[in-house]
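Novice: This is the structure I have questions about; it appears just below.
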Amino acid sequence: MATVQTPPERSLSATLPVSQETNDLDLVALTMAALRLVNPWSVETKNTWSKRIEPGTPEAKDRVITLAEVSLHDTRDDCWAVIYDRVYDITTFLDEHPGGDEIMLEYAGRDASTAFRSSGHSSMAAKALDRFLVGELPMHERMYRRPGGIRLSDIPE
């Protein structure tokens, strides 16, 4: 029969002994003091854009917006959606949408490409999206506009 050995019990003092005789820096004490001032595990949520993104501007085509940032815009007052790897601020269009705002709010902050395609939108509706464009997804988050991505013949350029 095998026996299990356990390590001997050790008692640690509550405080670390600090030697006052040397002039060396105590790196552990210095690190702990620094951690009291700054919490490295806190997450700062800051807006990555210095100014409001104006939909439909020429600069919007150059902006890269992640899906994580898109997901923050999922309310009636701030509604973004992704269609064919492009990000659109559709907040002002909610009341004008012929199918109602409920379906658009269902896809707020998410990818709505499948819903857009399956509802039979015309090429004119796809062209009308340009005035709401605020950016594009980064290459690694795209499904359509990337090498080896899903190929559809009627995706607007």
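The values are calculated or read from the model by the stated rules, or taken from the named source; none is laboratory data. This is a predicted model, so every value here is computed, not measured. Accessible surface areas use protein heavy atoms only, side chains included; no ligands, DNA or RNA. Shrake-Rupley method; radii C 1.70, N 1.55, O 1.52, S 1.80 Å.
Novice: Once phi is turned into ³J(HN,Hα) by the Karplus curve 6.51 cos²θ - 1.76 cosθ + 1.60 with θ = phi - 60°, what whole-Hz value does each residue of region 75-90 show in order, with x for glycine and proline?
Specialist: With coefficients 6.51, -1.76 and 1.60, one gets 10, 4, 7, 8, 10, 10, 9, 9, 10, 6, 6, 10, 9, 10, 8, 9 Hz.
Novice: Given H placed on each backbone N at 1.01 Å, which residues far from residue 87 in sequence or on other chains put an amide H within less than 5 Å of it?
Specialist: Correct list: 134, 135, 136, 137.
Novice: Next question, about the same structure. Quick check for you: with a 1.4 Å probe and neighbouring chains kept, what is the accessible area per residue of region 49-107, in Å²?
Specialist: Value returned for region 49-107: 57 Å² of accessible area per residue.
Novice: Can I ask one more? With all protein chains present, how much of the accessible area of region 50-126 (probe radius 1.4 Å) comes from carbon and sulfur, to the nearest whole percent?
Specialist: With neighbouring chains kept in place, the figure for region 50-126 is 54 percent.
Novice: Using each residue's phi in region 122-127, evaluate 6.51 cos²θ - 1.76 cosθ + 1.60 at θ = phi - 60° and report the 3J(HN,Hα) Karplus result to the nearest Hz, with x for Gly and Pro.
Specialist: Each residue's phi maps through the Karplus curve to give 6, 5, 5, 5, 5, 5 Hz.
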